[in-house]
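Take a look at the structure set out below.
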Amino acid sequence: MITKFLRTIFVCLILQAVCFGNSAQASFAEKEPRTKFPVFARVSDIAQRPVDFGPTVNLPEENEIKREKAEKETSAPRLIPQHYITEDKSIRESSEITEKNLFQTNSLFLFKGIIDIGNFENQLPADPIMAAGPNQVIAAVNKTIAIFNKDGTRVFQTGLATWFSSLPDAVGKGLFDPRLTYDQYNGHFIFICAAAGGSDHRSLVLFSVSKTSDATGEWAFWTLDMQLNNHTHVNVFADFPGVGYDTEAIYVTANMFNLSPFHYASAKIRVLKKSEVYSFQGITWHDFWNFRDATGAKAINVEPAQNFGTIDREYLLSSNAVHGDKLTLYTITDPTGSPAFQKTPVQVSSYRIAPNAEQRGGTVRLNSGDAGLTNVVCVNGTTLYAANAVKYDWGKGANAAARFYIISTTGTVIEETTFGGPGYYYYYPVVMVDSQNNIVMAFNRSSANTFAGIFFTTRKATDPAGFFGPDMRIKSGIAYYNIPTQGGFDLWGDFNGIALDSDDSIWMFSMYAKTSHQWGTRGARFHF
């Protein structure tokens, strides 16, 4: 498997050259696909194991021409009036060089994550992700899923192949890109991952749902054939899946690639009815594909919202992976009847893909991802929160900064903030909002003088627009991470994990550099 950066950088500028304007619409098929029925398994009956080292999915790696071209661009970003620049005042290099012990305060609790398995054997980044339910949290990385009590005790862990072993279609395939969420409207965990390869050359999303809010109880498992556009088979490969929900439906997204020859095909949005999923019988779906974003380019990296509060439709956001001055807001209504699809351009400050991140100990850089969004939160059907990594020069040369967005669901930017500091790289930012509109933004951070670690910043609802407090450290990196790819940089990941608990605390889960060839994971729980 290649990272989201490698999957998308080379295609997005090409897509800009072939776009035909804003008139292209989503493709539809009238017939429903064949019904898929679930299989069931209790967590107590699933074998526990540290990890499954199964097949690895490999796509052709592309070089960094597109990133290099973006890095050579020296023009300053064009900023909209709602934009703020916030410099991180917490940078203290000396305090990050030596790792401190885990600690607990009244507002912050840290715990060890999934058993550190590294990625040397399979050359896989962690892709850490998590979800929080009423009694447990679930965390996952490439190859592994684990369940924790809220005191940080790990009660279950197994490999992805073992977790999905009750699905015959999953046997012999490479499993990757896990995504997790907890549907607080109906009280179910949702865990998916992509699967591809094997003798049948199929491309799937493996879809599992807890039957109750207890993560250690019984789960239902389905296979979603991503080579079906509704009922029509196409020879494509699904990558970088996403999952979100509203009160009526669950939304699974993916980037679809043609493999022979290898090129980007389209984004896909799959709509699943909750009434079918949560009755744990057969499910059907409705697909949208071959749609373009607000700039006229083929849409890519479409991220569905996780909703809180009152909602009557689903919102999704996407950005260009390389550069742009617009986001695209997608709206889906009537998901259980005749789903309707609309898109709205969102004018933002211009952005460019961030340079790969420097790290202490050597010249090999960490891939800082592309300019795509990796999570979206919607509150009360009125306000969206999201972030991406962008290029920014603080006066000492360009590095990676976290760009934070608050957007109305009508498509108007309420606020933008670029957060970072000179010489430091902020990448894979994710955001969460509690019921009082307090905000947490978590990310990885490194510099020429510091290893890659896990950090977050906060804003209270009473703080002024553009404000973010000093970074708080979850785990400093403790080694120079060096498993370079053919492009001369290190694979780091696609996203980080963040989740809202029912008590308004916010959970975070990410990776840090543990040894030269191994990542580690840490989790944190924070409340205002």
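Please grab the % of Cα pairs in the range 198-314 that end up more than 18 Å from each other.
Within the range 198-314, distances greater than 18 Å cover 55 percent of Cα pairs.
Evaluate the Kirkwood expression for the hydrodynamic radius of the range 324-380, namely the inverse of the mean inverse distance over all pairs of different C-alpha atoms, and round to one decimal in Å.
Details: mean 1/r = 0.0669 Å⁻¹.
Hydrodynamic radius (Kirkwood, Cα pairs) of the range 324-380 is 14.9 Å.
So what does log10 I(q)/I(0) come out to for the range 401-528 at q = 0.10, 0.18, 0.20 Å⁻¹, using the Debye formula with one equal point on every Cα and no solvent?
Calculated log10 I(q)/I(0) at the listed q: -0.34, -1.00, -1.17.
Report relative contact order for the range 224-321 in percent, whole number only (criteria: Cα-Cα under 8 Å, sequence separation at least 6). Before the final figure, lay out each step's value.
Details: 200 pairs, mean separation 24.0, N = 98.
Value for the range 224-321: 24 percent.
For a footprinting-style exposure proxy, rank Ile407, Ile454 by other Cβ within 10 Å, fewest first.
Ile407, Ile454
Quick check for me: using +1 on Lys/Arg Cβ and -1 on Asp/Glu Cβ, what's the dipole size of the range 318-476 about its Cα centre, in debye to the nearest 20?
440 debye
Compute for the range 116-275: radius of gyration divided by Kirkwood radius, i.e. Rg/Rh, restricted to C-alpha atoms, rounded to two decimals. Intermediate results must be reported in sequence, preceding the final value.
On the way: Rg = 15.7 Å, Rh = 16.3 Å.
So for the range 116-275, dividing Rg by the Kirkwood Rh gives 0.96.
Percentage of Cα-Cα pair distances in the range 214-266 greater than 17 Å, rounded to whole percent? Write down the numbers at each step before the final one.
On the way: 725 of 1378 pairs.
Percentage above 17 Å: 53.
How far apart, in nm, are the 7 Å Cα→Cβ label points at Ala461 and Ser350?
Result: 3.8 nm between the two label points.
What percent does the relative contact order of the range 405-461 come to when contacts are Cα pairs within less than 8 Å and at least six residues apart? Could the numbers behind the result be given before it?
Values: 83 pairs, mean separation 14.1, N = 57.
About 25 percent, as a whole number.
Multiplying the sequence separation of Ser408 and Asp503 by 0.36 nm and subtracting their Cα-Cα distance, what value in nm do you get?
31.7 nm
For a quick check: sort Phe189, Phe341 by the number of other beta carbons within 10 angstrom, fewest at the front.
Ordered from fewest to most neighbouring Cβ atoms within 10 Å, Phe189, Phe341 come out as Phe341, Phe189.
List the pairs from Lys36/Lys274; Lys112/Lys143; Lys89/Lys391; Lys150/Lys273; Lys273/Lys298 whose alpha-carbon separation is above 24 Å, in the order I gave them.
Flagged as over cut-off: Lys150/Lys273; Lys273/Lys298.
Which order do Leu175, Leu228 fall in if you start with the one that has the fewest other Cβ atoms within 10 Å?
Exposure proxy ranking, most exposed first: Leu228, Leu175.
Can you give me the three principal axis dimensions of the range 257-400 from its C-alpha atoms, in Å, biggest first?
55, 42, 32
Quick note: the coordinates plus some simple rules give every number you see, no bench work behind them. Quick caveat: nothing in here was measured; it's all calculated off a predicted structure. With ideal geometry, Cβ positions are generated from the backbone for all residues, glycine too; neighbour counts draw on all protein chains shown.
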